[in-house]
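Remarks on the structure that follows.
Bear in mind these aren't lab numbers, they're just calculated from the coordinates by the rules spelled out. The model shown is predicted, which means the values in this text are computed figures rather than measured ones. Cβ: placed from backbone, ideal geometry, glycine included. Neighbour counts: every protein chain shown.
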Amino acid sequence: MIRLSELKLPLDHPEHALPALIHSTLKISPEELKSFSIYKRSYDARKQKLLLVYIVDVELHNAQLEAQLLARFTTNSHIRPAPDMAYHLVAKVKEAPAIRPVVIGFGPCGIFAAMMLAQMGFKPIVIERGKPVRERTKDTWGLWRKRVLHTESNVQFGEGGAGTFSDGKLWSQIKDPRFLGRKVMTEFVKAGAPEEILLVSKPHIGTFRLVKVVENMREQIIAMGGEIRFQQRVSDFHIEDGHIRGLTIENFQDDSHYELRADHVVLALGHSSRDTFEKLYERGVYMEAKPFSVGFRIEHPQGLIDRARLGQHAGHPLLGAADYKLVHHAANGRSVYSFCMCPGGTVVAATSEANRVVTNGMSQYSRNERNANAGIVVGISPADYPGSPLAGIAFQRKLESNAYVLGGSTYEAPGQLVGDFIAGKPSTELGSVEPSYKPGVHLTDLAQALPEYAITAMREALPAFGRKIKGFDMHDAVLTGVETRTSSPLRITRGDDFQSLNVKGLYPAGEGASYAGGILSAGVDGIEVAEAVARNLTATG
């Protein structure tokens with residue numbers, strides 16, 4: 001097959017235009033084309049006339065002609081052999097080992113680690129501290145609607161992980177030479193996600209659809225012999241002679257504890273399992289502090305972003321709600337950038353600990369809410385929170401506790417109008433933008449919410465962003481604080497074999513261990529870690 005890239009057509013082109021462009025690009029007749037499939041569809045909005053940009057895989061009736069065309073166009077970088085994107089299991093066993101592999105956490109990384117281990121016949125055991133996704137959703141709404149926090153069932157903890165209450169974004173900038181991202185999205189489609197995620201340039205599923213997709217993936221894992229144990233938390237790790245040998249499990253359903261023998265453990269914890277990080281550190285598992293970012297959520301009318309990004313094409317159904325990506329390098333040396341942009345979405349309460357406020361963003365598949373939101377965050381490093389590898393957690397907790405107080409100690413979030421924030425004066429009333437954060441926003445002075453260097457950098461960045469996107473620094477846009485869990489504040493370092501540097505059989509994975517950042521990359525990492533576990537199991541018998 002042949003892969004063609006950079007095929008450009010007008011936004012509202014007729015259906016026959018794409019095959020016609022394939023014919024003219026390859027200089028073939030319509031009869032010679034057997035079939036084609038769209039690998040990716042994006043758009044180019046750099047000029048007034050917006051164009052759709054396609055990557056397609058083409059099959060001809062004559063394989064010899066395909067070879068001749070590839071030889072003829074060898075200097076054309078947009079005409080290349082289509083890569084093999086099929087996924088091939090690295091192992092397949094008829095009988096699971098007596099001591100089955102264990103996956104801790106059932107977010108995107110844990111789901112795909114368990115899925116791959118199940119597909120290979122290893123019948124994994126999954127330990128998830130939170131509840132099944134539908135029960136978890138009810139508990140999460142309890143905080144948003146009634147200000148009642150469930151510390152083990154919330155935006156961070158439970159089936160599907162933090163990605164369930166997000167935009168369901170499925171793109172990443174990771175290097176992916178094996179097309180494992182394609183495997184991730186294929187499994188999502190198999191579980192009920194819309195097929196278009198396989199071809200659009202920035203695919204997303206959205207929270208409500210993710211719920212059913214996650215449930216279906218759970219059932220697939222169980223059907224292959226896997227086991228999911230909900231409301232059970234790993235409270236201790238048993239390490240002997242530098243090797244993991246077992247776990248102590250706390251069962252929240254009956255308030256009991258039990259021991260689980262385990263020689264191969266995938267740590268798919270997520271970035272908010274702070275108590276588990278502390279226990280791992282106590283048991284001597286090697287980890288190190290790492291940079292992350294802190295800031296606020298910003299909300300604008302979605303229409304403002306659509307017009308600024310898409311111009312006359314704003315509102316076109318094929319384009320949907322527009323997004324953005326911004327970065328500014330401030331005079332004080334700090335980088336300020338947009339993070340986890342959610343078109344047509346809402347800002348959500350995302351704390352997992354009592355008497356703290358954390359913000360995040362989410363969207364439904366339709367992306368049709370009135371506001372656009374994104375994190376506007378400032379990069380920080382271990383130099384800002386010196387100490388042990390756990391110092392970043394203490395730094396986060398301090399900011400989150402302070403935000404709880406600034407918001408009135410009711411789980412409302414502290415907020416401020418962008419114009420007032422830039423001017424350095426507290427906000428007293430909202431303008432044209434109604435914030436979406438539930439249970440509510442308490443207007444105040446956000447200068448008290450972050451360190452001075454972060455506030456200074458953000459006050460410089462917002463007008464700069466306004467020069468890139470007209471209206472971005474509008475007075476009435478709303479900032480809501482605080483955004484602290486952009487990524488894990490530590491790394492549980494692993495070697496080339498995907499195992500902990502000093503504890504064999506322990507496989508740090510995903511966002512919590514700082515080897516992923518988002519649903520897609522977490523899923524890919526889960527696949528690679530599962531493969532490492534399988535290789536080790538088959539090598540050792």
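Observations on the model:
- Helices assigned as whole DSSP H runs in the chain whose Cα atoms extend at least 30 Å along their own long axis and whose mean Kyte-Doolittle hydropathy is -0.5 or higher are found at 519-540.
- When the C-alpha to C-alpha distance is required to be over 26 Å, the pairs from 40/325; 40/183; 438/468; 92/279; 138/398 that qualify are 438/468; 92/279; 138/398.
- Under a model in which nothing but the beta-carbon of Lys, Arg (+1) and Asp, Glu (-1) is charged, the stretch 2-81 shows a dipole of about 400 debye around its Cα centre.
- Around the amide H of residue 271, modelled in the peptide plane, lie the amide H atoms of 512, all under 5 Å away and 5 or more residues distant in sequence or on another chain.
- Calculated on the Cα set of the stretch 289-483, radius of gyration then Dmax: 16.1, 53 Å.
- Once backbone amide H atoms are built at 1.01 Å from N, residue 342 has 373, 374 as its partners under 5 Å, excluding neighbours fewer than 5 places away on the same chain.
- Projecting the Cα positions of 248, 440, 149 onto the charge dipole of the chain (unit charges on Cβ atoms of Lys, Arg, Asp and Glu, taken about the Cα centre) puts 440 furthest along the positive direction.
- Counting only Cβ charges, +1 for Lys and Arg and -1 for Asp and Glu, the dipole size of the chain around its Cα centre is about 860 debye.
- Charging the Cβ of each Asp and Glu at -1 and of each Lys and Arg at +1, and nothing else, the dipole of the stretch 249-323 about its Cα centre rounds to 540 debye.
- Interchain or long-range residues, amide H under 5 Å from residue 490's placed H: 290
- Within the chain, helix-based [θ] at 222 nm, where runs of 4 or more DSSP H residues each add -39,500 (n - 2.57), nearest 500: -9000 deg cm²/dmol
- Sorted by Cβ neighbour density within 10 Å, fewest at the top, the residues 147, 334: 147, 334
- Extension gain (nm, one decimal) between residue 248 and residue 401, 0.36 nm per residue minus Cα-Cα: 52.1 nm
- Each eigenvalue of the Cα gyration tensor of the stretch 2-81, multiplied by 5 and square-rooted, gives one semi-axis; in descending order these are 23, 14, 10 Å.
- The Cα-based radius of gyration of the stretch 1-146, divided by its Kirkwood radius, gives an Rg/Rh of 1.19.
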